[in-house]
Structures are given as C-alpha cells and as structure tokens.
1. Once neighbouring chains are kept in place and the probe is 1.4 Å, which whole percent of the accessible area of chain B is contributed by carbon and sulfur?
2. Could you pull out every one of the aspartates and glutamates with an alpha carbon less than 14 Å from that of B:K278, ignoring same-chain neighbours closer than 8 positions?
3. Counting Lys +1, Arg +1, Asp -1, Glu -1, what net charge surrounds A:E296 among other residues with beta carbon under 12 Å of its beta carbon?
4. Taking the Cα centre of the protein assembly as shown as the origin, how large is its charge dipole in debye, to the nearest 20, when only Lys and Arg (+1) and Asp and Glu (-1) carry charge on their Cβ atoms?
5. Quick one: which residues, 5+ away or cross-chain, put their amide H under 5 Å from the amide H of B:D235? H built at 1.01 Å from N.
6. Compute the distribution of all C-alpha to C-alpha distances in the stretch A:1-109, in bins of 10 Å from 0, and list the percent of pairs in each, rounded to whole numbers.
7. Would you please report the Å³ per residue occupied by the convex hull of the alpha carbon atoms in the stretch A:59-214?
8. What relative contact order, as a whole-number percentage, does chain B give when Cα pairs under 8 Å and 6 or more residues apart are counted?
Amino acid sequence: MPLDFPLFPEAASTMAGQVDALYIFLVVLSAFMSLLIGGAVFYCAVRYRRRSEDEIGSNFHGSILLEIVWSAIPLAICLLLFFWGAKVFFAQSRPPADALEFTAIGKQWMWKFQHPDGQREINTLHVPIGQPIKITAISQDVIHSLYFPAFRVKKDVLPGRYTTVWFEATKTGSYHLFCAEFCGAEHSKMGGQVVVLEPEEYERWLAGGAAASQSPAEAGAALFEQLACVTCHLDGDGGRGPALRGIYGEDVTLNDGRTVVVNDEYLRESILTPAEKIVAGFQPLMPTYKGQISEENVFKLITYIKSLSGGRETPAGGAVDESNVPQDAATDAATEDTP
Amino acid sequence: MSSHTTDSSRSNYLNAAYGVKSWLLTKDHKRIALLYLVAVSIFFSVGGLFAALIRLELLTPEGDLVQPDVYNRLFTMHGVIMIFFFLIPAIPAVLGNFILPLMIGAKDLAFPRINLASFYVYVAAGILGVWALINGGVDTGWTFYTPYSSMYSNTQVTLVAMAGFIAGFSSIMTALNFIVTVHRMRAPGLTWFRLPLMVWALYATSIIIMLATPVLAITLVMLMLDHSLHLGIFDPAQGGDPVLFQHLFWFYSHPAVYIMILPAMGVISELVAAFARKRIFGYTFVAYSSMAIAFLGFLVWGHHLFVSGQSVYAGAIFSILSMLVAVPSAVKVFNWTATLFQGSVSYQTPMLYAMGFIGLFTIGGLTGIFLATMGLDTHVHDTYFVVAHFHYVMVGGTIMGYLGGLHYWWPKISGRMYPEFWAKVSALLVFVGFHLTFFPQFIVGYLGMPRRYHAYPPEFQILNVLSTAGASVLGLGYLLPIIYLTWSMRYGKKAPANPWGAVGLEWETSSPPPTFNFDETPVVTHEAYDYHHRTEDSRVA
Ligand SMILES: [Cu+2]
Ligand SMILES: [Cu+2]
C-alpha cells in the first residue's frame with residue numbers, strides 16, 4: 001500500500017488551472033461557512049446550555065433584516081459561481097478552430113482512438129503537448145464517458161450521436177484515462193493512459209508505429225467509391241444526389257424550408273438515415289446505410305467529405321451546436337440536443 | 001390542556017388489542033407506523049450489508065474479493081434498497097405516520113384503510129425486489145441508465161423496475177393521506193401558520209410525491225417494455241433516444257432527493273425547538289422555504305446531464321436554477337442556528353443528532369454548489385465526489401434526522417425511555433464514523449476516481465481504506481440503536497407524557513397514546529413552539 005498518496009490531482013492542461021481555481025474558491029468558502037455555522041452552533045450550545053430544569057429560551061424568534069441578509073448573501077455568491085462556472089464550462093465545450101481532430105469509438109470495454117493521420121490506438125492515447133486536441137466520439141453500444149482527470153475534462157460518449165471533448169496538454173507525462181459512465185461488467189477496466197509528448201517526440205512516435213497506409217480522408221475516398229456513393233454524388237451538378245464539394249460548414253436548405261448547418265452530426269445522419277432530412281430540390285432516393293457501415297467507416301466518409309471543403313473552419317460539433325438547428329420537427333428529437 | 005403525567009397502565013394503542021391479527025390488520029396509524037418501522041429496519045439492514053461488502057471489496061485496488069458482475073449487483077442493490085425501500089419511506093411512513101395526526105390533534109389519518117393498503121403495497125414491492133435479488137439481482141446502478149439497462153443488461157431489470165413501480169404507489173397513497181389529513185383534520189384553532197414545521201415539511205414532501213412519482217412510474221414502464229419487449233424507446237439503433245431516459249428519470253429522482261431530505265428538515269426543526277425550548281427562529285421563512293424547495297426541485301433535473309451532450313444553454317439554465325435551491329436550504333440552516341441563540345439548550349441524544357445533522361447537511365449542501373457549478377462538475381461528475389456529496393445529504397441528512405426523530409418520539413411511540421448513555425455513544429459513533437467514511441471520498445473523487453469502479457489505481461488505496469474503516473465505525477453506530485431500542489421496549493424506564501418538557505400537541509396526550517390519540521379533541525390557542533405562553537399558563541394554573 002503506497003503510503004504517500006496525492007491529495008490533489010496532477011494538473012496537465014490549460015483547463016486544469018481554471019477548474020482548480022473554482023474548486024479552491026469553493027473549498028475555502030465551504031470551510032469558512034462550515035466553521036462559521038459549526039462554531040455558532042457550538043458557541044450557542046455552550047453559552048446557552050440549560051441551567052435549570054424548567055428554564056426556557058428567550059422570546060427572540062424573528063428578524064426580517066436577518067432573513068434578508070442571509071438569503072441575499074448566499075444568493076449573490078451562488079450567482080457569482082454560476083457565471084464563473086458557466087464561463088469555464090463554455091470554454092470546455094467550445095474546441096478552438098485549429099484543434100487537431102481525433103476520433104474515439106467507445107465499446108464495451110475499450111476505447112479505439114484514431115489520430116488525424118490515420119494512426120490507431122486502443123486504450124492508450126498519445127498526444128502532442130501545446131496543441132488543442134479535439135476528440136469526436138461515439139459509442140458502438142451503451143453510454144460511456146471519456147474522462148481525463150489530469151485535464152479536468154469529461155464528456156459522455158453516446159450511441160447514435162457524436163459528442164466532442166477537447167483539451168490542450170501543458171505537461172508531458174502519462175496520465176489516467178477513464179470511462180466515467182457505468183457501462184457493464186468491466187466498466188472499471190475500460191481505460192488506460194493518455195501520454196503527452198513533445199511535438200517532435202509525437203512525430204517520432206507516429207513515424208515509429210505501424211504507419212497507417214492511408215489517411216482517414218483517403219480511406220474515406222476509397223469507401224466512397226466502394227459503396228457506390230459516387231454513382232449519385234458526382235463531383236459537379238447533375239447527379240441524382242447533391243454535389244458534396246464545399247458543403248461542409250455551409251447552410252443547406254431542406255425540402256421543408258428549414259436550413260441546417262452541415263457538421264459532423266448532420267453528415268452522419270445524412271449517410272445513415274438520409275430520409276430524416278431531405279435536401280431541397282432532391283428526391284428521397286438515397287438508400288439508408290444504417291447498420292451497414294461501421295462507425296469507423298462513417299468517420300472516414302465524413303473526413304473525406306470534409307476534405308472536399310478543404311481549409312474550411314470546422315463548425316462546432318453536434319454536441320455544442322444548437323444555434324443553427326431548428327428544434328421544432330419531432331423527428332429531430334432523437335438526434336438533436338434534448339433540453 | 002394540561003401536560004401532567006398520565007397513568008400509563010391504562011389502555012393505550014399498544015395494549016388495546018393483542019394477537020398477530022390485531023397488528024397486521026390494524027387501521028391505527030400508530031400501529032401501521034410500527035409495522036413500517038420493522039419493515040424499513042429490515043431493508044436498511046439488507047442495504048447496509050451490501051454497503052459493507054462494497055467497502056470490503058474496495059479495501060484493495062485489485063478487485064479481488066468478488067467478481068465484477070457481483071460487485072455491480074452489490075452497488076445497484078445497495079442503491080435501490082436504500083433509496084426506494086428505506087430513505088423514501090423512512091421518515092414519512094414511520095415517523096410521519098405516527099406523529100402527524102398527533103401533531104395536529106386528529107384521531108387518525110384521513111384514510112386509515114388506504115394507510116394500511118400503502119403498507120402492504122410497500123411490502124409487495126419489497127418482496128418482489130427481494131425475489132429479483134435472489135434470482136440474480138440487477139447490475140445497472142440504481143439509475144438504470146439506458147440503453148445499458150434496456151438492451152444490454154441480462155439481469156432482472158424488469159422485475160426490479162416493477163418493484164420500484166409498485167413501491168411508488170405506496171408513496172402516493174401515504175402522500176395523498178397526509179395532504180387530505182392536513183387540509184381537513186386540524187384541531188380547532190390550529191391554523192396553517194400554527195402548524196409545527198414537521199407538518200409543513202411532510203406536506204411539502206407529499207406534494208412532491210404526488211407530482212413526481214407518476215413520472216417515475218411512466219419511465220419505469222417504458223424501461224420494462226424496452227427491456228422485455230425490445231420496443232426500442234431508448235435504443236438509438238431503433239431510432240430511440242437513450243438520453244431521454246435520463247431526463248425522465250431525473251425529473252423524478254431529483255425531486256426524490258427532496259422527498260428524502262425535507263422530512264428530515266422537518267424533524268430537525270422540531271428537535272431544535274424542543275431542546276432549545278424556544279420558538280423556531282423565522283418560522284414563516286422556514287415553512288415557506290420547504291415549499292420553495294419543493295417547487296424549485298422540479299426545475300433542476302438537468303444538472304445531472306451537464307456532460308451528457310445536453311445543449312450548453314439548457315445546462316446553463318439548469319445550473320442557475322440549481323443555485324437558487326441553495327438559498328432556501330441555507331435559510332433553514334441559519335434559522336436553526338439562530339434558534340439556539342438565547343435558547344435553553346440541553347444535550348439529550350435527539351439534540352446531538354440535530355446538531356450532527358446541521359453539521360453534515362451544511363457540508364452536503366455546500367458540496368452541492370460544487371456540482372451545480374458547471375465548469376467544475378465537468379471534472380467531478382460521476383466520480384466519488386458525487387458519491388460523497390449525496391451520502392452527506394442522504395445519510396448525513398436523512399438518517400441523522402430519522403434517528404434523531406426516532407429517539408425524540410421513542411417515549412411516545414413505545415411508552416419507554418431509551419438508555420441515554422448508549423444512545424449518546426451511538427450518536428457519537430455515527431457522527432465520527434460518518435465523516436471518516438465519506439470525507440475521504442471527496443478527496444478521492446477530486447483526484448478523479450470514477451464511481452462504480454470495482455478496481456482502481458493503487459494511489460487511491462489509502463483513502464479507500466480510511467473510508468472502509470469509517471464504515472465499520474458507522475455500522476456499529478447503527479447497530480447499537482437497533483439493539484437498545486428493542487431492549488427498551490420491554491426494559492426501558494416508563495416514559496411520562498412529556499419527557500422533554502416540549503410543547504406540541506403530541507406531548508399533551510399520554511405515552512403511549514390511547515388508540516384515538518386524545519381523550520378530548522384539543523383546542524389550539526397559541527402559535528407553535530410557544531414556550532412563553534405555556535409557562536404563563538402554568539403559572540396561572
Ligand atoms: Cu464505463
Ligand atoms: Cu439532482
């Protein structure tokens with residue numbers, strides 16, 4: 001049993017300091033309040049202890065002023081904490097535009113990661129220091145949760161829908177990677193290490209591994225042919241399906257008049273359940289690929305379609321993007337945010 | 001009304017009739033309360049046994065005592081039993097059942113038969129739960145998150161959900177009974193703002209139960225259909241939405257937190273007033289704060305979903321609403337503390353529990369603010385920090401309130417005094433054992449240890465060992481009252497009508513009370529906890 005144990009977790013990301021500041025503020029506040037209340041209870045219990053059997057307390061039993069004071073102060077502190085906490089949370093939810101794009105697939109009971117260049121890993125993740133890393137994640141079965149305690153970030157990984165988590169590591173080393181959402185028998189074994197490397201070391205690590213034969217975009221292009229997507233989606237107009245060049249990040253108008261922004265979540269839905277949202281001016285001809293393409297391959301197709309809009313800024317992933325998607329259609333409920 | 005000691009050898013509800021039938025078919029709210037007392041104690045012991053096994057497993061990081069799927073069943077059944085079969089019914093169905101009619105000067109609850117029915121519905125649910133347990137149990141966590149529970153777990157999800165579904169009806173029956181009783185059966189002169197705060201708390205709780213439990217029932221039915229018939233309501237592969245389940249589940253289960261804690265707050269108000277011999281400070285604020293908590297409690301469920309992929313704006317709304325709940329909770333704590341000021345404080349066991357409650361609930365409530373703060377919750381969500389937080393509220397709050405109330409009203413319930421020395425020892429063990437068990441869990445949670453982990457990294461071990469050590473002290477603290485309270489039923493000193501010198505209608509009738517509670521219907525002429533009027537009256541007399 002190791003006798004020197006930590007009381008505070010390693011802080012290894014740009015986010016860690018912000019979360020720790022909240023935590024330390026709250027710990028100090030709680031200690032102060034607990035001591036104040038505990039002290040007052042203790043003081044009164046001793047000072048006003050019963051001295052004779054038939055003694056009774058005073059008749060002082062109300063003060064509007066006190067009630068206002070001790071409602072207003074907690075209210076003010078709580079509101080402050082709300083705004084402060086929301087600010088940190090928004091930062092945690094919005095990956096920077098230049099983040100390196102990783103993908104993760106959770107399944108009972110392992111994490112499968114893919115690097116931007118196609119390199120793959122299981123239960124271990126190597127990342128370069130000082131670079132924002134965005135992980136788009138999906139589950140193949142139940143709900144999992146991707147948790148990096150040293151980076152102070154966590155996001156549930158859902159079946160049927162993308163969520164994203166991002167961080168920028170600030171300290172090289174090896175840290176825990178956990179699944180935080182109970183997911184069955186081996187839940188506590190569903191994790192491993194995240195290894196933060198200097199950029200050159202990361203490059204070396206990438207080169208040293210069984211180098212991926214294709215980048216995810218190339219693999220996606222190959223799939224696009226193989227699955228006969230090309231027969232309908234031509235590189236220019238005139239195909240039975242819309243041309244896919246340059247659509248990523250743009251608005252697309254649907255046949256019911258709504259506009260939605262083309263992001264990862266929309267692309268995934270368009271491929272797996274095309275009938276949910278029909279592009280204006282097209283027929284619902286596209287066959288459903290649900291259950292026929294693995295999540296890995298969906299990721300590749302999406303990367304390929306994104307590469308056709310090369311250099312475009314990435315719109316926020318499905319999880320944090322609600323400004324552009326109307327919430328009215330009942331059919332959305334299953335895939336969009338469900339407030 | 002006089003508060004002289006009544007001859008306890010005369011007929012009371014305990015000796016009014018003998019025989020098993022007179023108990024099992026009783027319509028007397030006091031006897032039904034005792035039936036509930038026995039039943040919830042059994043469930044508490046079973047749930048506690050599971051907790052002991054969990055703590056033993058976590059002594060070592062390797063996960064070597066039981067298999068992972070056994071471990072998963074242990075924490076699931078611990079949660080299900082403690083929440084649905086102990087914490088939710090404990091204070092309302094045992095203490096509330098016994099004391100509510102006495103506090104308002106009524107002969108019984110409004111619907112005695114429904115009261116008895118609620119007990120048997122509860123027992124039926126319990127038997128179903130135990131049967132499910134014997135037939136393999138359930139491994140989903142008490143939160144039953146889909147699609148694990150609906151599509152992947154091959155344990156007794158349907159049976160256990162059914163048990164929870166049935167138990168809900170028992171709560172609803174009790175709540176309905178309380179609401180009607182408070183509205184219709186108050187003694188002459190007992191206006192709403194003369195009610196003891198325990199009654200306000202039970203009333204607020206009953207409203208939550210009536211409004212929230214049906215949602216749980218519907219949710220559990222959907223879960224059962226999904227699990228047994230694979231309807232796919234929550235299964236994305238069939239177009240369903242797994243996160244929808246979390247919304248429905250927490251729409252009930254967050255208010256359920258208040259179903260568990262509000263009655264305990266009511267008990268604490270009674271104890272603080274009685275042992276400081278002083279009117280509760282800010283009576284109206286304490287009463288209204290119960291209602292405010294009941295209302296706000298319905299609007300905050302999404303604070304369990306900050307990292308679930310829920311929209312950040314929805315998260316923000318749930319966060320700010322959750323912050324608002326902190327205000328009425330703080331108001332209560334400040335008012336209790338202010339009640340002690342210039343009081344006449346004595347330290348009998350119920351008061352030790354009340355002071356313990358204030359301490360533990362303060363920490364439980366403050367750590368709730370950590371979790372409502374979104375940016376911080378991202379890190380601590382689903383870790384031991386959450387486990388520690390809700391045990392401070394549920395165990396430190398509800399069980400402290402329950403034990404405090406049980407000791408306070410024990411003379412009324414049994415007609416006997418409990419042994420003060422042993423009771424103080426147990427109160428102390430509970431307080432110390434509690435901190436030792438759960439405080440380390442805050443630390444290990446912030447370090448990042450996820451909850452529901454059968455095995456864990458070795459650097460978390462010391463904190464887990466401390467926690468297990470604390471749990472054994474806590475276990476001893478809980479064992480003692482079971483022994484000495486049972487003992488005192490027979491051998492305890494005979495209790496006078498009002499052993500604490502407290503005011504309140506329940507102390508004006510004999511201990512134990514006659515079957516119909518009061519020989520003549522009391523008339524109320526003063527505010528609650530009016531110690532000054534009573535002394536004036538007795539001086540006049
Ligand atoms: Cu898991
Ligand atoms: Cu909640």
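The values are calculated or read from the model by the stated rules, or taken from the named source; none is laboratory data. Computed from a prediction, not measured in an experiment: that's the story for all the values here. Cβ: placed from backbone, ideal geometry, glycine included. Neighbour counts: every protein chain shown. The protein model used for the area step is the full one, side chains on, heavy atoms only, and it has no ligands, DNA or RNA in it. Shrake-Rupley method; radii C 1.70, N 1.55, O 1.52, S 1.80 Å.
1. Heavy-atom surface of chain B belonging to carbon and sulfur, 1.4 Å probe: 71 percent.
2. Answer for B:K278, where 14 Å is the Cα cut-off: A:D54, A:E55, B:E270, B:E527, B:D530, listed by chain and number.
3. Numbers: positive: A:K107, A:K112, A:R120, A:K300; negative: A:E295.
Once all neighbours under 12 Å are counted, the net charge is +3.
4. The calculated dipole for the protein assembly as shown is roughly 3600 debye.
5. Amide H neighbours of B:D235: B:G240, B:D241.
6. Cα pair-distance distribution for the stretch A:1-109, in percent: 9, 22, 24, 20, 13, 8, 3, 1.
7. Numbers: hull volume 27.4 nm³, N = 156.
Hull volume normalised by residue count: 176 Å³.
8. On the way: 913 pairs, mean separation 109.4, N = 541.
RCO, chain B: 20 percent.
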